[in-house]
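See structure below.
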Amino acid sequence: MLRVCWKGAHAAARQCVCGKVKAHPLQLCRRYSTAGDSGSTAGKIVAASLLTVGGGLGGTILYAKWDPKFRANVEKSVPYSDQLFEMALGPPPPPLVTLQKKPVRVIEPLQISSLSEASKESKQPKAKAKKSDPAPVEAPAAVEEAPAPTPQTLKEASAEAAHIISAIGEVPSVPAPGTSDESPPGHTAADEECKDHHEPVLKERPAEEVTARLAQQDKAEQDALAGLQVESLGSTAKTTLQAIGAQEAALTAIAAHTNKLKEAMDSQTPPDEKSSQWKALNEALSERTRAMEEAEEALLKAKGELENLSGVINSSKQSKINTARPQILAAEENLHSMIVDLDKVVTKVQTAQTEAKIVSQYSELVNEAKAQFQQELANITPEIQANWKRLSGKLSADDLNSLIAHAHRRIDQLNRELAEQRVREQIHIEVALEQQKLEDQKALERAVVSALEHSREDMRLEQEKKAQEVREVMEAEMRTQLRRQAAAHTDHLRDVLKVQEQELREEAQEILNSKMMEQETHYRRLTQEQLDTFTLDMNAAYARLKGIEEAIDSHVIAEEEARKAHQLWLSVEALNYTLKSAGADFPTEPLEGAVGVIKENCAGNEFAQALATAIPEESLSRGIYSEASLRARFFDIRRLARRVALIDETRNSLYQYFLSYLQSVLLFEREQVAPPAKLAPEDLDTFKLLAYANYSIERGDLELAAKFVNQLRGESQRVAQDWLKEARLTLETKQVISLLSAYANAVGLGTTQAP
Amino acid sequence: MSEKELGQKWDRCLADCAVKFGTGLGLGIVFSVVFFKRRTWPIVFGTGLGLGMAYSNCQNDLRSRYVLHSKYFSFEQK
């Protein structure tokens, strides 16, 4: 393969040399040569890099799985890593948030819920009573039936509470309690739960929240208290009234029953009405029992309600809401009166019951006698099995007689019993009296006890009333003092606020001033900057304009110079050209014209003028000989000079001429001898000089040859005189012309502008 | 041309020599014939005279550059 490459390279080189430049085969060869051995190492490198990258990625993902903070960091720093992590690990775990505000928020719902609970509690027994009590109470019934299906929402509960309040309208609006920021919330029984919740979370709250909370608390308390009291009062009142009503109804029923029974016992009414009487009696009896049951139930309920109410009142007494005391007192009084009424009614009922018992006993006895009589009658008249009431018209004479006889016997028996009874009357009366005494005592004791209790209650109530009054007075005084303090506080606050306001105003004014100053300075600075930049720009533009103008001028000048230089150069070239016009033997054209042209062209150029004037007159007028002609002439000069080498001032006879000619013929020397760097005196020999000059002139160094020829003495000198002169002329002219041309070239170079 | 000068001189010299020789010869012959009874000595004398004159002329001509010319100036004190 290498050989192929070499061949290719050679071919390419050849082609390059030939002129068809195609370096592709060479490049291909180069590429081939780099492949091969390096393949395995490249593979190893690639595999190693892939391993490290994969390892790094896997490690990162695993650590992110373990440490969510690291994951968050990486997701923040690397752009699309969150998507990668989501793909690999799933969504990030939710952040932990501390619950600070929840208990505070929960209290209000709790309060309301407690309110609803309280309303529920108070309403459920009512509902139960409602179910068993068909005696409807119109105004509360509608309200009670609504909550019977257990209200779910808080708004409904509060609306119901409001309904109750509006419906009953007993309790006036409770004024706001004393201003204490840290007063715990409502202390009604139902609020104890929220108290437990609330106390551990006592901390500073903003004033607005506090006042809102206070207002809410007050409202809640009011609502709760009012609701509870009102409800409980209302409920107990209702139940008590119901109980009283029931008791009275029972009383009336008992009275009616006993009356009816008495009437029925009288048995002076016609038999037709007896049955109806007995029916009515039964009805009355049933009614009485029913009424009794109802009364008992109502009594139980009322007692329960009263207990409840007393509990509520106790709990509300335990609360420190002072202004609710009159309500509490009133509630207590109501309770007391209800209890008293209830007791009275109960005693009435009891007496009625005892009466009724007696009457019923009597009626039982009578019924017994009647039953006995009936039995006897039935024994006597066995065929009459049915109820004898209906068979008043179907009795035969025998039956009647037997009946009458039986009746007479019965009467005798009863008379005897009566006599016995009269005898035992006293004993019975005594026994009964004793019994009665005992009962009376018991009743008395009971009455006394109840009277004591009542009086005690009354005393307590009076005491409480008095205490309440005193408290009210104290409260009023406290309020006035507090008001005074509040007034003082407000005055103080006003002063402080005034001072603060002043201070703040001054501060604000200062700040405003400083800001205004800042703004002004800033504005000034900006305007100044603008001006500066503008002037800078203007100056820059002006400078640029000036620069451009100067550049243009200099360009013009330069172009002028260039033109002049060009012309000079052209004229110099013309002069050079005229130099070439020299022929073999005749000189050039006179250089006058060309030089005149030069002089014209470089009229302002001193150097060129000087040079032009430095050209010798001869060359101007006559022209100069070319070097070739001079060279050719030199040969003649040399020959001649050699021939007259001996002739000088002293020897100049014809004989000398002959001798010198002979010398020149007989002297053998090299024609051309390289001249030394330094001329020694023995080099000043004619022949040597001529040899040097020949050498020089053969090498084209006319100047050196002229120098050597100048050293000739004697006749040789005279012979070479003209040639020398010509050579000098030529040299001078050539020198000047070369100077001129160099100068023209220099000027041309200087004025030419690079593209 | 200075180099031509010598040649010219030599030409003149030769021409002069030839003329002088011829003239000398001629005069010599004439004199020999006329005066000296055709002796040869006047011819030779004349030729010799002629050649001599020519030689001298030639030499003078060739020497002419080196000859110092002087002039007498008389100072007269006034």
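Checking A:Y577 against (1) of a type outside the set (A, V, I, L, M, F, W, C); (2) assigned by the TED database to the domain that holds A:N745; (3) farther than 30 Å from B:K9 by Cβ; (4) modelled with pLDDT of 80 or more: exactly one of these is not met. Which one? Evaluating A:Y577 over (1) of a type outside the set (A, V, I, L, M, F, W, C); (2) assigned by the TED database to the domain that holds A:N745; (3) farther than 30 Å from B:K9 by Cβ; (4) modelled with pLDDT of 80 or more leaves (2) as the failure. May I ask you to list the residues in the range A:694-724 that are under 20 Å from A:R643 (Cβ atoms), more than 14 Å from every other protein chain (Cβ to nearest Cβ) and of a type in the set (A, V, I, L, M, F, W, C)? Answer for the range A:694-724, where residues must be under 20 Å from A:R643 (Cβ atoms), more than 14 Å from every other protein chain (Cβ to nearest Cβ) and of a type in the set (A, V, I, L, M, F, W, C): A:I697, A:A705, A:F708. For the range A:595-612, the criterion of being within 14 Å of another protein chain (Cβ to nearest Cβ) and over 30 Å from A:L662 (Cα atoms) is met by no residue.
When A:L659, A:L666 are checked against the criterion of being in contact with a Leu (Cβ under 7 Å, 6 or more places away or on another chain), farther than 23 Å from A:S738 by Cβ and either within 14 Å of chain B (Cβ to nearest Cβ) or not hydroxyl-bearing (S, T, Y) (or both), A:L659 stands alone in meeting it.
Looking at A:L640, A:L620 in this structure, which one is closer than 30 Å to A:Q663 by Cβ, assigned by the TED database to the domain that holds A:I737 and either within 60 Å of the chain's Cα centre (by Cα) or not β-branched (V, I, T) (or both)?
Numbers: A:L620 fails: closer than 30 Å to A:Q663 by Cβ.
Sole residue among the options that is closer than 30 Å to A:Q663 by Cβ, assigned by the TED database to the domain that holds A:I737 and either within 60 Å of the chain's Cα centre (by Cα) or not β-branched (V, I, T) (or both): A:L640.
Of all residues in the range A:730-755, those satisfying the criterion of being among the polar types (S, T, N, Q) and either modelled with pLDDT of 90 or more or not in a helix (DSSP H, G or I) (or both) are A:T752, A:Q753.
Given the criteria surrounded by 10 or more Cβ atoms within 10 Å (Cβ to Cβ), free of Cβ contacts under 8 Å to residues at least 24 places away in the same chain and within 30 Å of A:N605 (Cα to Cα), does A:H555 qualify? Criteria met by A:H555.
Here A:L233 fits the description: at pLDDT below 75, within 22 Å of A:E332 (Cα to Cα) and within 60 Å of the chain's Cα centre (by Cα).
The criterion of at least 1 residues that are out of contact with any helix residue (DSSP H, G or I) (no Cβ under 7 Å at 6 or more places or on another chain) and at pLDDT below 70 is met, among helices (runs of 4 or more DSSP H) falling completely within the range A:28-137, by A:38-66, A:102-132.
Candidates in the range B:25-39 are the residues that are in a helix (DSSP H, G or I) and among the hydrophobic types (A, V, I, L, M, F, W, C); of these, the one that is nearest to the other protein chains (Cβ to nearest Cβ) is B:L25. Looking at (1) of a type outside the set (K, R); (2) within 11 Å of chain B (Cβ to nearest Cβ); (3) under 25 Å from A:T578 (Cα atoms), which is the one condition that is false for A:E649? For A:E649, the failing item is (3).
Among the numbered conditions (1) within 14 Å of another protein chain (Cβ to nearest Cβ); (2) surrounded by 15 or more Cβ atoms within 10 Å (Cβ to Cβ); (3) at pLDDT 85 or above, the only one that B:E3 does not meet is (3). Of the residues in the range B:50-57, at least one is more than 14 Å from chain A (Cβ to nearest Cβ) and in contact (Cβ under 8 Å) with a residue 24 or more places away in the chain.
Between A:K688, A:K678, the distinction of being more than 14 Å from every other protein chain (Cβ to nearest Cβ) and within 16 Å of A:Q717 (Cβ to Cβ) belongs to A:K688 only.
Filtering A:E561, A:E549, A:E477, A:E573 for residues that are over 30 Å from A:G604 (Cα atoms) and in a helix (DSSP H, G or I) leaves a single hit, A:E477.
For the range A:613-644: of the residues being in a loop (DSSP other than H, G, I, E, B) and either more than 12 Å from chain B (Cβ to nearest Cβ) or among the β-branched types (V, I, T) (or both), which is surrounded by the most Cβ atoms within 10 Å (Cβ to Cβ)? Let's see the steps before the verdict.
As a first pass, look at the range A:613-644 and keep what is in a loop (DSSP other than H, G, I, E, B): A:615-616, A:622-626, A:644.
Next cut, either more than 12 Å from chain B (Cβ to nearest Cβ) or among the β-branched types (V, I, T) (or both) only: A:615-616, A:622-624, A:626, A:644.
On the way: A:I615: 24, A:P616: 17, A:R622: 16, A:G623: 22, A:I624: 29, A:S626: 21, A:V644: 26.
Out of the qualifying residues, it is A:I624.
Conditions tested, residue by residue: (1) more than 10 Å from the chain's Cα centre (by Cα); (2) free of Cβ contacts under 8 Å to residues at least 40 places away in the same chain; (3) away from chain A (no Cβ under 14 Å).
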{"residue": "B:T23", "(1), (2), (3)": "yes, yes, yes"}
{"residue": "B:W41", "(1), (2), (3)": "yes, yes, yes"}
{"residue": "B:N60", "(1), (2), (3)": "no, yes, no"}
{"residue": "B:R65", "(1), (2), (3)": "yes, yes, no"}
{"residue": "B:F75", "(1), (2), (3)": "yes, yes, yes"}
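What are the residues in the range A:349-376 that are buried (at least 16 other Cβ atoms within 10 Å of the Cβ), farther than 30 Å from A:H406 by Cα and not polar (S, T, N, Q), if any? Correct list: A:V349, A:A352, A:A356.
The values are calculated or read from the model by the stated rules, or taken from the named source; none is laboratory data. Only a predicted model underlies this, so the values are computations on that prediction, with no experimental measurement involved. Cβ sites come from the backbone with ideal geometry, for glycine too, and all protein chains shown count toward neighbours.
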